1. Mind checking which residues of the range 49-88 are farther than 17 Å from Val133 by Cβ and of a type in the set (A, V, I, L, M)?
2. Among the residues of the range 17-59, how many are of a type outside the set (S, T, N, Q) and either closer than 16 Å to Ala182 by Cβ or touching a Ser or Thr at 6+ places or on another chain (Cβ under 7 Å) (or both)?
3. Sort out which residues of the range 1-42 are assigned to a helix (DSSP H, G or I), touching a residue at least 24 places away in the same chain (Cβ under 8 Å) and either touching a Phe, Trp or Tyr at 6+ places or on another chain (Cβ under 8 Å) or crowded, with 16+ Cβ neighbours inside 10 Å (or both), and write them in order of number.
4. Being in contact with a helix residue (DSSP H, G or I) (Cβ under 8 Å, 6 or more places away or on another chain), surrounded by fewer than 17 Cβ atoms within 10 Å (Cβ to Cβ) and without any contact (Cβ under 8 Å) to a residue 60 or more places away in the chain, is that true of even one residue in the range 87-100?
5. When Glu163 is evaluated against the numbered criteria (1) in contact with a Leu (Cβ under 9 Å, 6 or more places away or on another chain); (2) of a type outside the set (Ser, Thr, Tyr); (3) touching a residue at least 40 places away in the same chain (Cβ under 8 Å), which criterion, by number, is the only one it fails?
6. Condition first: on the phi < 0 side of the Ramachandran plot, outside any loop (DSSP other than H, G, I, E, B) and either in the same structural domain as Tyr43 (by TED's automatic domain parsing) or touching a Leu at 6+ places or on another chain (Cβ under 7 Å) (or both). Can you find one or more residues in the range 171-179 that meet it?
7. I'm checking my understanding of the structure. Among residues of the range 107-152 that are assigned to a helix (DSSP H, G or I) and of a type in the set (Gly, Ala, Ser), which one is surrounded by the most Cβ atoms within 10 Å (Cβ to Cβ)?
8. I'm trying to understand the selection: among the residues of the range 43-88, which are over 19 Å from Gln2 (Cβ atoms) and in a loop (DSSP other than H, G, I, E, B)?
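The values are calculated or read from the model by the stated rules, or taken from the named source; none is laboratory data. A quick note: this is a predicted structure, and the numbers were derived from the prediction, not measured. Here the Cβ is made from the backbone with ideal geometry for all residues, glycine too, and neighbour counts use every protein chain on show.
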Amino acid sequence: MQGGYFTNPLEPDMSAANNRFDPIAAAQFHIWLEEKHIKSTVYTKVAAFATPLTTELFHALSATSHVLGTHLLDTQQAQDIQFYRDAVTGTGGFMTPEFFLRNKTSWFDTHDAGDTYPDAAGNEIVLYLTKVVAYDALAALGAAGQDVLVEWGVKKSSRELHEVVGTAGPLGSAGIDGKKMARALRALLRVGLLTSLP
């Protein structure tokens with residue numbers, strides 16, 4: 001799953017956006033998981049930010065000439081432009097302008113902390129959109145099962161009924177090998193598109 005929860009007892013982490021959409025449903029869902037003893041793994045934003053993907057992936061997908069590849073590139077850019085605008089206007093939740101620029105762009109590669117941030121009204125930010133945070137993709141790949149992720153070296157095996165992958169802490173404590181997760185995601189996306197070409 002994507003988002004976050006706390007264990008003992010199992011409860012949704014309301015700082016995760018998907019749990020905030022419908023807090024009552026989120027609470028009931030987590031109670032149901034606990035009552036039925038259904039094994040679950042949640043991938044948090046910490047794990048997502050620990051997985052280094054770049055926009056090169058979306059440009060490569062677009063270059064396949066598959067309509068979905070082009071759509072994914074266009075959607076990624078439009079979404080990140082809006083995320084930046086939300087960060088600048090203060091409606092981006094945890095994403096402040098500085099957080100966005102440090103974690104989703106290459107802006108600080110050529111600018112200092114005191115420099116004026118890119119204008120959010122236009123598309124100036126597109127030049128710097130080089131990093132991708134694929135929240136949903138981690139959970140999608142996680143659906144392949146723990147055995148697959150362990151075999152690929154993405155994460156360690158866990159016997160926990162409810163496992164949180166991506167907890168705040170020291171560098172490298174996200175619970176996954178971000179580089180291997182990124183490699184697996186790139187392969188999954190490319191193979192998925194290429195095998196569906198006519």
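1. Correct list: Ala60, Ala63, Val67, Leu68, Val88.
2. Looking only at that region, the number is 14.
3. His30, Leu33, Glu34
4. There is at least one residue in the range 87-100 that is in contact with a helix residue (DSSP H, G or I) (Cβ under 8 Å, 6 or more places away or on another chain), surrounded by fewer than 17 Cβ atoms within 10 Å (Cβ to Cβ) and without any contact (Cβ under 8 Å) to a residue 60 or more places away in the chain.
5. All conditions are met except number (1).
6. Looking for residues that are on the phi < 0 side of the Ramachandran plot, outside any loop (DSSP other than H, G, I, E, B) and either in the same structural domain as Tyr43 (by TED's automatic domain parsing) or touching a Leu at 6+ places or on another chain (Cβ under 7 Å) (or both), one finds at least one in the range 171-179, hence yes.
7. Gly142
8. Thr55, Ala63, Thr64, Ser65, His66
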